[in-house]
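Data block below; observations after.
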Amino acid sequence: MKIFKSLITIVAVAAIAVGATSAYFSDTATITNNTFAAGILEIRVNGQETLIGATYAPTTPGVIYTSPEYHINNYGAPHFAGPSNLTAKYLQIGVKNVSASPDNDLWNGVMIKVETNRGWPTWQEVYNGKINSMGTRDLLAPRWSELAPGDSQMVRYQVWLPESSGDQNKYMGDTLKWDFAIEGRTS
């Protein structure tokens with residue numbers, strides 16, 4: 001009998017507990033259509049992924065050549081029709097010797113000055129020295145901190161073979177070919 005009364009008590013308490021936690025009204029809310037998508041950063045030069053550079057030949061020591069102004073584009077809206085929707089926090093230019101003979105005298109002797117601008121009265125110098133020592137240089141510092149989608153900035157350079165008291169004949173007939181690589185990164 002005591003066991004029976006204990007069982008009835010347990011069942012009654014369980015029924016009250018279940019009844020106390022149920023609700024007469026209920027509702028559900030949803031969070032739908034979640035999406036995770038990676039952004040796009042597309043850097044172009046004058047609207048192109050690859051652009052053929054200038055040819056400076058024949059030359060002699062002391063003659064300075066100035067390139068055209070190249071527009072480095074973060075290729076997206078509002079000013080370009082490209083897909084870029086991320087801001088470039090780093091924008092760098094690097095130089096690579098692509099000559100048939102990578103150790104030719106011109107690679108070791110040619111001077112280069114790289115400048116950048118966004119419509120200011122003065123250009124910002126990025127590098128000025130021997131082309132073989134340029135490495136990779138920041139196109140944003142110190143004037144700018146980013147290149148937003150749809151924006152661009154200009155780059156130009158000057159190249160020359162300096163006049164010196166050394167043997168200039170070692171340069172005669174040499175050809176130097178180089179590539180510039182412009183890299184944009186989000187961080």
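The values are calculated or read from the model by the stated rules, or taken from the named source; none is laboratory data. Being a predicted model, the structure only gives us computed values, none of them experimental. Cβ placement follows ideal geometry from the backbone for every residue including glycine, while neighbour counts extend to all protein chains displayed.
Here is how the numbers come out for the structure above:
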{"quantity": "Where ASP103 falls short, out of the listed (1) closer than 27 Å to MET172 by Cβ; (2) touching a residue at least 60 places away in the same chain (Cβ under 8 Å); (3) among the acidic types (Asp, Glu)", "calculated": "(2)"}
{"quantity": "Considering residues of region 91-104 that are surrounded by fewer than 16 Cβ atoms within 10 Å (Cβ to Cβ) and either among the hydroxyl-bearing types (Ser, Thr, Tyr) or more than 21 Å from ILE43 (Cβ to Cβ) (or both) only, the residue modelled with the highest pLDDT", "calculated": "SER99"}
{"quantity": "Some residue of region 165-184 being over 19 Å from LYS96 (Cβ atoms), surrounded by fewer than 18 Cβ atoms within 10 Å (Cβ to Cβ) and touching a strand residue (DSSP E or B) at 6+ places or on another chain (Cβ under 9 Å)", "calculated": "no"}
{"quantity": "Unique residue being in contact with a Leu (Cβ under 9 Å, 6 or more places away or on another chain) and basic (Lys, Arg) when the list is LYS130, LYS89", "calculated": "LYS89"}
{"quantity": "Candidate set from region 50-87 (those that are touching an Asp or Glu at 6+ places or on another chain (Cβ under 6 Å) and within 19 Å of ILE131 (Cβ to Cβ)); member that is surrounded by the most Cβ atoms within 10 Å (Cβ to Cβ)", "calculated": "PRO61"}
{"quantity": "Qualifying positions in region 23-55 - of a type in the set (A, V, I, L, M, F, W, C) and in a loop (DSSP other than H, G, I, E, B)", "calculated": "ALA23, PHE25, ALA29, ILE31, PHE36, ALA37, ALA38, ILE40, LEU41, LEU51, ILE52, ALA54"}
{"quantity": "ASN46 being in contact with a His (Cβ under 7 Å, 6 or more places away or on another chain) and either among the charged types (D, E, K, R) or at pLDDT 90 or above (or both)", "calculated": "yes"}
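Here is a yes/no grid of residues against (1) farther than 12 Å from GLY184 by Cβ; (2) in contact with a Gly (Cβ under 6 Å, 6 or more places away or on another chain); (3) hydrophobic (A, V, I, L, M, F, W, C):
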position: PHE36; (1), (2), (3): yes, no, yes
position: VAL45; (1), (2), (3): no, no, yes
position: THR55; (1), (2), (3): yes, no, no
position: TYR65; (1), (2), (3): yes, no, no
position: TYR70; (1), (2), (3): yes, no, no
position: PRO78; (1), (2), (3): yes, yes, no
position: ILE93; (1), (2), (3): no, no, yes
